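Everything on this sheet refers to the single structure shown next.
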Amino acid sequence: MKNGLKKKDWILIAVILCVAGLTVLVHTFIGGAGANRVIVKIEGAIEGIYSLSEDREVEINGGTNLLKIKNGEASMSWADCPDQLCVHQKPVSLNRESIICLPNKVVVEVESSGNREFDAVTN
Ligand SMILES: [Zn+2]
């Protein structure tokens, strides 16, 4: 009887671990597939690509602009440009929305990962 119970416990633990593992996998997969990214370009050249699902601050162009990613949105939190238009732009989060800093030739553009293949074909 004692041994039987023990075996049952181990099976239960194994099942729980499996379910937990699957949940993490599914969550990672769905989260990754639906996540948007921001592409940072300087003079048309890609400097970096950052996930909007990860809160962070990114120095752009050697520190002329500071990009802030928070709660799935990207905004320009600081810039050394004279017009400050980029800093006053609304945070972007949807596909094809962008923040442009003309004086520094910085473009921050949102790309949803669902459209990536389509872009690859049309370009
Ligand atoms: Zn600017």
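Derivation of every value follows stated rules applied to the coordinates shown; laboratory data play no part. The shown structure was predicted, so the numbers you read here are calculated from the model rather than taken from an experiment. All Cβ positions, even for glycine, are placed from backbone atoms using ideal geometry, and neighbour counts span all protein chains on display.
Figures for the structure shown
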quantity	calculated
Partner aspartates and glutamates for Lys41 [C-alpha distance under 20 Å; skip if fewer than 8 residues away on the same chain]	Glu54, Asp55, Glu57, Glu59, Glu73, Asp80, Asp83, Glu97, Glu109, Glu111, Glu117, Asp119
Full-stretch length increase - Ser77, Lys7 - with 0.36 nm per residue and alpha-carbon distance subtracted	19.5 nm
Under Karplus coefficients 6.51, -1.76 and 1.60, residue-wise ³J(HN,Hα) of the stretch 99-111 in Hz, glycine/proline x	10, 10, 10, 4, x, 9, 6, 9, 10, 10, 10, 8, 9
Förster radius 22 Å - calculated FRET efficiency between Lys105 and Ile46, Cβ distance, rounded to 0.05	0.95
Total charge dipole magnitude, the stretch 36-122, about the Cα centre, Cβ charges on Lys, Arg, Asp, Glu only, Debye to nearest 20	120
